[in-house]
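Presented below is the structure to which this report refers.
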Amino acid sequence: MTFSKQFVLGTATASYQVEGAVAEGGRTPSIWDTMCRTPGKVLGGDTGDVACDQYHLFRDDVALMADLEVDAYRFSISWSRVIPDAVGPINPEGVAYYRALCEELHSRGIKAVATLYHWDLPQVLEDRGGWTNRETAFAFADYARAMATELGDVVDMWSTLNEPWCSSYLGYASGVHAPGRTDDLAALQAVHHLNLAHGLGQRALREVLGKDVPVCLTLNLHVVDPASDAPEDVAAARRIRVVGNEAFLGPVMDGVLPDELREITRDITDWSFVQDGDLELCHQVPDVLGINYYSTSRARQADAGELASSGGHGETGASPWVGCDDVTFLPVEGPTTQMGWNIEPDGLYRLLMEVEQRYPGLEMMITENGAGFDDEVVGGRVHDIRRVDYLRGHLGAVERAVADGANVTGYFLWSLLDNFEWSWGYSKTFGMVHVDYETQQRTPKDSAYWYRDLSRTRDLETVGDAWVAVP
């Protein structure tokens with residue numbers, strides 16, 4: 001169970017979750033700044049105003065990554081930091097920050113992987129309709145083109161969108177993510193315009209960079225099993241997969257808006273907002289399909305009058321499963337993480353093999369995988385053995401998929417740091433490095449030392465317990 005030296009073992013964060021400095025350097029508000037200031041939307045009234053203060057401490061964090069011997073750092077760019085009005089002139093100070101970050105990474109031998117959109121839409125665009133407005137997709141393309149022009153020489157891989165499922169369904173249907181709206185039609189409009197943004201954004205990157213720098217799209221593809229072999233339960237699980245997966249795979253990978261999706265959502269929309277030529281624009285197959293994986297779920301046909309549940313995503317509010325009011329989810333079984341998500345490495349293996357069979361040879365990377373647990377600093381150490389076990393199991397699933405022919409070339413542990421966990425505030429801790437938010441002291445957990453040993457040996461079988469003794 002070994003990984004080659006060419007296999008990327010990286011880690012990841014997102015701008016609003018770690019940067020802080022929300023009113024510094026010319027940055028303007030994003031939808032998450034607004035969300036955090038809306039009473040009742042974020043646990044404890046927490047905000048990302050300071051977060052991990054990576055804006056000021058990025059050199060320290062890069063040095064920490066170098067000590068942990070990671071191969072790559074996947075970060076996201078704050079659109080409102082680099083283009084304060086969302087469209088128009090760039091902000092040189094904002095761009096300079098990301099250039100300095102990338103150059104610092106390169107000075108330590110770490111690859112820079114930049115995500116253009118990780119959920120923090122400039123508020124000025126939301127004021128004009130956000131992702132329900134197709135003009136946002138064209139503004140995104142202009143933003144992508146500008147970033148490729150400004151940073152193309154220091155970024156090793158670009159990602160257009162992170163988890164558009166969350167941006168659309170959690171942001172516009174269930175309301176638990178920014179902008180906090182609960183409108184099923186708006187969610188489906190957002191689905192289409194995010195697909196359009198990817199297509200236009202990838203084209204813009206290609207215009208500037210050619211084909212020498214890989215472009216990625218990151219999806220959180222859902223592994224949903226039927227609760228039984230009964231035809232109605234099989235059909236229920238299929239409906240969830242269509243809304244959660246095919247709504248993005250169809251337009252981007254296959255150039256079609258699936259008939260099943262039209263049928264499931266027929267009482268909500270006729271999809272007339274999809275204009276002639278849009279699907280051709282959406283149909284931009286990425287060089288790398290990024291896959292974020294955390295858990296699985298089991299679905300069944302709902303009983304009469306039973307409301308659809310969240311499917312184990314640890315969120316409350318209205319259902320994100322637009323058009324699936326006749327589907328519900330079984331309670332989670334077995335061990336769970338701090339988020340209440342089940343731990344099932346085999347789900348990741350099955351997902352990778354399914355994608356490989358559907359798109360043979362397509363390069364894949366695990367762009368997020370990790371777990372939140374209740375960690376505690378004791379004597380200057382964090383003994384997070386449950387996270388170590390989680391990582392060992394899921395990396396084992398990746399290795400098994402590679403051995404069985406899946407073209408998986410990298411894995412990014414989520415997350416480098418404990419950070420602002422969206423509507424959960426600072427109550428959830430996914431980092432392999434503990435953060436004291438009052439002092440900004442970073443304390444690598446045992447999982448960080450385990451991950452360093454894996455990077456050194458590339459062998460899951462021989463990474464033993466030596467990391468426990470690391471001072």
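Can you find, among 190, 272, 91, the residue sitting farthest towards the positive end of the charge dipole of the chain, where Lys and Arg contribute +1 and Asp and Glu -1 at Cβ?
91
Ignoring ligands, DNA and RNA, please state the percent of accessible area on segment 141-186 from carbon and sulfur, probe 1.4 Å. Before the final figure, lay out the partial values.
Details: 440 of 1080 Å².
The nonpolar share, carbon plus sulfur, comes to 41 percent.
Work out how much length residue 462 to residue 43 would gain on full extension: take 0.36 nm times their residue separation and subtract the Cα-Cα distance, in nm to one decimal.
Working: separation 419, 0.36 × 419 = 150.84 nm, distance 4.11 nm.
Length difference between fully extended and current span is 146.7 nm.
Residues of segment 391-410 with amide nitrogen under 14 Å from the 7 Å Cα-to-Cβ point of residue 4?
402-410
Among 174, 129, 240, flag the residue with its Cα farthest along the positive direction of the charge dipole of the chain, charges on Cβ as +1 for Lys/Arg and -1 for Asp/Glu.
129
If I stretch the segment between residue 133 and residue 106 completely, what's the gain in nm (0.36 nm per residue apart, minus their alpha carbon distance), one decimal?
On the way: separation 27, 0.36 × 27 = 9.72 nm, distance 3.77 nm.
Contour length minus the Cα-Cα distance gives 5.9 nm.
Probe radius 1.4 Å, ligands and nucleic acids ignored: give me the carbon and sulfur share of the accessible area of segment 1-76 as a rounded percent. Mind dumping the intermediate values first?
Working: 1480 of 2720 Å².
It is 55 percent, rounded to a whole number.
For the chain, what class follows from the C-alpha gyration tensor (a ≥ b ≥ c being the square roots of its eigenvalues): rounded when a/c is under 1.5, otherwise prolate if a/b is larger than b/c, else oblate?
Note, shape of the chain comes out rounded.
With charges only on Cβ, +1 for K and R and -1 for D and E, what is the dipole size of segment 365-419 about its Cα centre, in debye, rounded to 20? Intermediate results must be reported in sequence, preceding the final value.
On the way: 5 positive and 9 negative charges, 35 e Å.
Dipole about the Cα centre, nearest 20: 160 debye.
Would you mind checking the radius of gyration and Dmax of segment 202-342 based on alpha-carbon positions, in Å?
For segment 202-342, the Cα radius of gyration and maximum Cα-Cα distance read 17.4, 54 Å.
Where the centroid of each part is defined by its Cα atoms, how far is segment 158-180 from segment 360-387 in Å?
Cα centres, segment 158-180 to segment 360-387: 23 Å.
Sum -39500 (n - 2.57) across every DSSP H segment of at least 4 residues in the chain, then divide by the residue count to get the 222 nm mean residue ellipticity, nearest 500.
Numbers: 14 runs with 158 residues, N = 471.
Only helices count here, giving -10000 deg cm²/dmol.
Which of the peptides 35-46, 277-288, 441-452 is most tightly packed, and how do the rest follow, judged by the mean count of other Cβ atoms within 10 Å per residue? Show your work: numbers first, answer last.
Working: 35-46: 15.4, 277-288: 18.3, 441-452: 21.6.
Final packing ranking: 441-452, 277-288, 35-46.
If you roll a 1.4 Å probe over the heavy atoms of the protein chains, what accessible area per residue do you get for the chain, in Å²? Let's see the in-between values first.
On the way: 16750 Å² over 471 residues.
Ligands and nucleic acids excluded, the result is 36 Å² per residue.
How many nm is it between the label spots at residue 273 and residue 206, if each spot is 7 Å from the Cα in line with the beta carbon?
Placing both labels 7 Å along Cα→Cβ, they lie 2.6 nm apart.
Report, ordered by chain and residue number, the aspartates and glutamates lying within cross-link reach of residue 41, taken as a straight Cα distance under 13 Å and ignoring same-chain residues fewer than 8 apart.
The reachable aspartates and glutamates, counting only those whose Cα sits under 13 Å from residue 41, are 33, 315, 421.
Considering only protein heavy atoms and a probe of 1.4 Å, how much of the accessible area of segment 380-448 is carbon and sulfur, as a whole percent? Could you put the intermediate results ahead of the total?
Working: 1060 of 2100 Å².
Carbon and sulfur together cover 50 percent of it.
If you place +1 on the Cβ of every Lys and Arg and -1 on the Cβ of every Asp and Glu, how big does the dipole about the Cα centre of segment 1-136 come out, in debye to the nearest 20?
On the way: 12 positive and 19 negative charges, 80 e Å.
Using Cβ point charges on Lys, Arg, Asp and Glu, segment 1-136 gives about 380 debye.
How big is the charge dipole of segment 75-133 about its Cα centre, in debye rounded to the nearest 20, if each Lys and Arg gets +1 on its Cβ and each Asp and Glu gets -1 on its Cβ? Mind showing how you got there, number by number?
Numbers: 5 positive and 7 negative charges, 50 e Å.
Roughly 240 debye, rounded to the nearest 20.
The values are calculated or read from the model by the stated rules, or taken from the named source; none is laboratory data. Worth saying up front: this structure is predicted, and the values here are computed from it rather than measured. Quick reminder, even Gly has a Cβ in these numbers, built from the backbone with ideal geometry, and neighbours come from all protein chains shown. In case anyone asks, the SASA skips ligands and DNA or RNA and just uses the protein heavy atoms, side chains included. Shrake-Rupley method; radii C 1.70, N 1.55, O 1.52, S 1.80 Å.
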